[in-house]
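J.: Below are the structure tokens for one structure; questions will follow.
The values are calculated or read from the model by the stated rules, or taken from the named source; none is laboratory data. Being a predicted model, the structure only gives us computed values, none of them experimental. No Cβ is skipped: glycine too gets one built from the backbone with ideal geometry, and neighbour counts run over all protein chains shown.
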Amino acid sequence: MNPSPNMYTGSIMTPDSNAFTSPSTTGEDDYENEPPLLEELGINFDHIRQKTMAVLNPFKSADHDIMQDTDLAGPLVFCLAFGGSLMLCGKLHFGYIYGIGVLGCIAMYGLLNLMSITGVSAGCIISVLGYCLLPMVILSFSAVLLSLKGIAGIVLTSTTVLWCSASSSKLFVSALSMENQQLLVAYPCALVYGVFALLTVF
């Protein structure tokens with residue numbers, strides 16, 4: 001009797017070689033053509049660099065395409081850096097930072113959805129406000145070396161708040177195509193960053 005193709009023909013001492021053949025590779029995943037892990041996680045270092053440079057130069061126009069990438073890696077790093085710099089001054093304010101940040105994002109979300117025609121996502125709000133916290137991080141690190149309670153500190157703090165509000169309003173206007181409304185957007189942004197400045201000074 002001839003064995004059927006699916007019948008096991010080996011023994012305990014001499015196993016059948018057909019039982020251990022590797023399966024066909026036609027249905028397996030092609031790991032060589034998969035995108036990198038950071039790209040799958042949505043972390044684009046080129047966009048992070050471009051957004052950071054757009055914050056550092058508030059007079060340069062921002063690219064509309066990079067604003068559609070609402071990554072949260074940069075904002076998280078800047079918030080942690082802000083809290084760490086305040087710790088160097090003996091201020092443990094991580095709860096205040098995240099609390100004020102959440103309230104500011106909620107307020108800006110409601111305001112910008114009322115002002116813009118297209119509307120704005122929560123991720124865009126968090127991304128822009130977080131990236132534009134970078135000048136405040138620089139101010140808080142400078143507070144380790146010099147006092148911000150004098151005339152020079154007041155001027156430096158006011159300049160930093162204006163810097164943050166100008167950068168954030170520019171990015172919001174670019175992302176939402178809100179032409180000629182940057183001053184209207186800059187005012188609530190200045191209020192949000194003004195509270196962060198109070199944490200830094202006092």
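J.: In this structure, does GLY84 turn out to be in a helix (DSSP H, G or I), among the small types (Gly, Ala, Ser), surrounded by 13 or more Cβ atoms within 10 Å (Cβ to Cβ) and in contact with a Leu (Cβ under 7 Å, 6 or more places away or on another chain)?
T.: The answer is no for GLY84.
J.: While we're here: Based on what the data block shows, is SER165 hydroxyl-bearing (Ser, Thr, Tyr), under 17 Å from ALA62 (Cβ atoms) and either at pLDDT 95 or above or in a helix (DSSP H, G or I) (or both)?
T.: Against the criterion (hydroxyl-bearing (Ser, Thr, Tyr), under 17 Å from ALA62 (Cβ atoms) and either at pLDDT 95 or above or in a helix (DSSP H, G or I) (or both)), SER165 qualifies.
J.: Take region 44-68 and flag every residue that is without any contact (Cβ under 8 Å) to a residue 40 or more places away in the chain, surrounded by 14 or more Cβ atoms within 10 Å (Cβ to Cβ) and assigned to a loop (DSSP other than H, G, I, E, B).
T.: ASN44 - this is the single residue of region 44-68 that is without any contact (Cβ under 8 Å) to a residue 40 or more places away in the chain, surrounded by 14 or more Cβ atoms within 10 Å (Cβ to Cβ) and assigned to a loop (DSSP other than H, G, I, E, B).
J.: Determine whether GLU28 is in a helix (DSSP H, G or I), modelled with pLDDT under 80 and loosely packed, with under 11 Cβ neighbours inside 10 Å.
T.: no
Condition check ((1) among the hydrophobic types (A, V, I, L, M, F, W, C); (2) within 20 Å of SER177 (Cα to Cα); (3) in a helix (DSSP H, G or I)) across all residues:
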position	(1), (2), (3)
LEU103	yes, no, yes
ILE106	yes, no, yes
VAL128	yes, yes, yes
MET136	yes, no, yes
LYS149	no, no, no
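J.: Moving on to the next point. Name every residue in region 163-202 that is farther than 15 Å from LYS51 by Cα and charged (D, E, K, R), in order of residue number.
T.: GLU179 - this is the single residue of region 163-202 that is farther than 15 Å from LYS51 by Cα and charged (D, E, K, R).
J.: For region 108-126, name all the residues that are farther than 23 Å from THR52 by Cβ, outside any helix (DSSP H, G or I) and not aliphatic (A, V, I, L, M).
T.: Answer for region 108-126, where residues must be farther than 23 Å from THR52 by Cβ, outside any helix (DSSP H, G or I) and not aliphatic (A, V, I, L, M): SER116, THR118, GLY119.
J.: Could you tell me whether GLY74 is modelled with pLDDT of 85 or more and not in a helix (DSSP H, G or I)?
T.: No, not satisfied.
J.: Let me ask another. Out of (1) under 23 Å from CYS124 (Cβ atoms); (2) in a helix (DSSP H, G or I); (3) not aromatic (Phe, Trp, Tyr), what's the single condition that is false for THR157?
T.: (1)
J.: Looking at region 174-189, can you tell me whether even one residue there is surrounded by fewer than 20 Cβ atoms within 10 Å (Cβ to Cβ), modelled with pLDDT of 95 or more and under 26 Å from CYS89 (Cα atoms)?
T.: No; the residues of region 174-189 include none that is surrounded by fewer than 20 Cβ atoms within 10 Å (Cβ to Cβ), modelled with pLDDT of 95 or more and under 26 Å from CYS89 (Cα atoms).
J.: Identify the residue in region 180-202 that is hydroxyl-bearing (Ser, Thr, Tyr) and in contact with a Leu (Cβ under 9 Å, 6 or more places away or on another chain) and, among all such residues, is farthest from LEU156 (Cα to Cα).
T.: TYR193
J.: Would you please name the residue that is farthest from ALA73 (Cα to Cα), looking only at residues in region 100-128 that are more than 16 Å from the chain's Cα centre (by Cα) and small (Gly, Ala, Ser)?
T.: SER116
J.: Tell me, yes or no, whether region 140-152 has at least one residue that is in contact with a helix residue (DSSP H, G or I) (Cβ under 7 Å, 6 or more places away or on another chain) and surrounded by 22 or more Cβ atoms within 10 Å (Cβ to Cβ).
T.: Yes, some residue in region 140-152 is in contact with a helix residue (DSSP H, G or I) (Cβ under 7 Å, 6 or more places away or on another chain) and surrounded by 22 or more Cβ atoms within 10 Å (Cβ to Cβ).
J.: Residue by residue through region 76-96, note down the ones that are within 15 Å of PRO135 (Cα to Cα) and either in contact (Cβ under 8 Å) with a residue 40 or more places away in the chain or charged (D, E, K, R) (or both).
T.: LEU76, PHE78, CYS79, ALA81, PHE82, SER85, LEU86
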